[in-house]
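Q: Next up is a structure, given as structure tokens.
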Amino acid sequence: MSYDLIDIALAFGKIAVIFMVILLLAAYLVLAERVLLGRIQERFGPNRVGPFGLLQPIADGIKMLVKEDVKPAGADKWLFYLAPAMAAIPAIMIVSLIPFGAPLTFFGRPVGMQVVDLNVGLLLFIGFSSIAVYGVALGGWASNSKYSLLGSVRGLAQLISYEITMGLSLVPVVMLARSFQLSEIVDAQKTGWFILYQPIAFLIFLISIVAECRRIPFDIPEAEGELVAGFHTEYSGLRFGLFFVGEYINIIALGGLAATFFLGGWHGPLLPPVLWFLIKALAFAFLFIWLRGTLPRLRYDQLMHFCWKVLTPVALLNILATGWFILLVGKG
């Protein structure tokens, strides 16, 4: 078998494995969230379908498949159908960039534990995050509903704003690693995780990804008390489910990227590298659930004020401080 055929086979194999694993994780993350929120609120979560409620995600998936798919009479047909895919596909593409384990040897050659290892991987991640904004924007606009449109406009302003702070928080990481390649960023943390050198950047990135996932306290686009259900009010059935599949895949992907940029990726003692990566990524998912059961929702003016007047200036000052520190160390 030629090397070209081996490369193609490996690429398709990694895509298939990651796609199945990420869908399974997303489905059971929903179950974990419902159970944990139940415990936080002193009530039971799902516990009837299967032992300990473990078959509940399968029941939910069947329910989504068989529910009637309704399209509002005045909706823009093609954009209405496209929006859920625009919300889910970029999240899956982001997962393909993440290195989730140490390279392996296959047919005498090293094989990275990620679908693609590009020298501009970090920039591609920011690009895919930007595309995900269109799922929210198109879903609300194409529905021909004032509630949906208001939710999508809120979401558009929020996501674009917090993408800026998220990108700024990653500039010090690039300065320390001297690379945009995610595998090289992980390798640069062999002797020390970047969270130790960049705690401020880590906090800004963490807050930004919570906002990017539209989670409490930043779930303004889905404020059910004001907007029915926000930008996806008019969706039902499988398309409604796709919005949430994209959201939960995004939670796992952004948690994995937080581990990659600040917690050493798959590096760790004793346990296998892949297991270390999963522990770190799912710890962020647990944090998102904990925040949902603990914090109240911000007002919209508070949300935007916090982004532009607090996080953005702090992120810029942190970049300047990092550059000054690197310059001093270089001279020393």
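Q: Hey, LEU196 hits all of (1) farther than 25 Å from LEU303 by Cβ; (2) in a loop (DSSP other than H, G, I, E, B) but one; which does it fall short on?
A: So LEU196 meets the others, but not (2).
Q: When you go through (1) assigned to a loop (DSSP other than H, G, I, E, B); (2) under 27 Å from ILE220 (Cα atoms) one by one for SER179, which number turns out not to apply?
A: Condition (2) is where SER179 drops out.
Q: Using beta carbons and a limit of 7 Å, which pairs, at least six apart or on different chains, have the first residue in region 122-138 and farther than 17 Å from ILE252 by Cβ and the second one modelled with pLDDT of 90 or more and outside any helix (DSSP H, G or I)?
A: Listed by first residue and then by second, the contacts come to LEU122/PHE180; LEU123/PHE180.
Q: Answer yes or no as to whether LEU149 is surrounded by fewer than 23 Cβ atoms within 10 Å (Cβ to Cβ) and more than 15 Å from the chain's Cα centre (by Cα).
A: Considered against the rule, which asks whether it is surrounded by fewer than 23 Cβ atoms within 10 Å (Cβ to Cβ) and more than 15 Å from the chain's Cα centre (by Cα), LEU149 comes out as yes.
Q: Do we have any residue at all in region 283-295 that's basic (Lys, Arg) and either surrounded by fewer than 17 Cβ atoms within 10 Å (Cβ to Cβ) or over 28 Å from SER152 (Cα atoms) (or both)?
A: no
Q: Can you tell me how many residues within region 246-280 are surrounded by 21 or more Cβ atoms within 10 Å (Cβ to Cβ), farther than 28 Å from ALA85 by Cα and among the hydrophobic types (A, V, I, L, M, F, W, C)?
A: Number of matching residues: 4.
Q: Further question: Which of the residues belonging to region 20-60 are free of Cβ contacts under 8 Å to residues at least 60 places away in the same chain, of a type outside the set (Phe, Trp, Tyr) and not in a helix (DSSP H, G or I)?
A: GLU42, ARG43, GLY45, PRO46, ASN47, ARG48, VAL49, GLY50, LEU54, LEU55
Q: Kindly list the number of the only condition in (1) in contact (Cβ under 8 Å) with a residue 60 or more places away in the chain; (2) loosely packed, with under 13 Cβ neighbours inside 10 Å; (3) among the hydrophobic types (A, V, I, L, M, F, W, C); (4) out of contact with any helix residue (DSSP H, G or I) (no Cβ under 8 Å at 6 or more places or on another chain) that fails for ILE15.
A: Evaluating ILE15 over (1) in contact (Cβ under 8 Å) with a residue 60 or more places away in the chain; (2) loosely packed, with under 13 Cβ neighbours inside 10 Å; (3) among the hydrophobic types (A, V, I, L, M, F, W, C); (4) out of contact with any helix residue (DSSP H, G or I) (no Cβ under 8 Å at 6 or more places or on another chain) leaves (2) as the failure.
Q: Given the criteria buried (at least 19 other Cβ atoms within 10 Å of the Cβ) and either more than 24 Å from LEU257 (Cβ to Cβ) or modelled with pLDDT under 85 (or both), does ALA132 qualify?
A: Yes; evaluated as a whole, the condition is true for this residue.
The values are calculated or read from the model by the stated rules, or taken from the named source; none is laboratory data. Since the model is a prediction, treat every value here as computed from it, not as a measurement. As a convention, Cβ positions derive from the backbone with ideal geometry for all residues, glycine included, and neighbour counts pool all protein chains shown.
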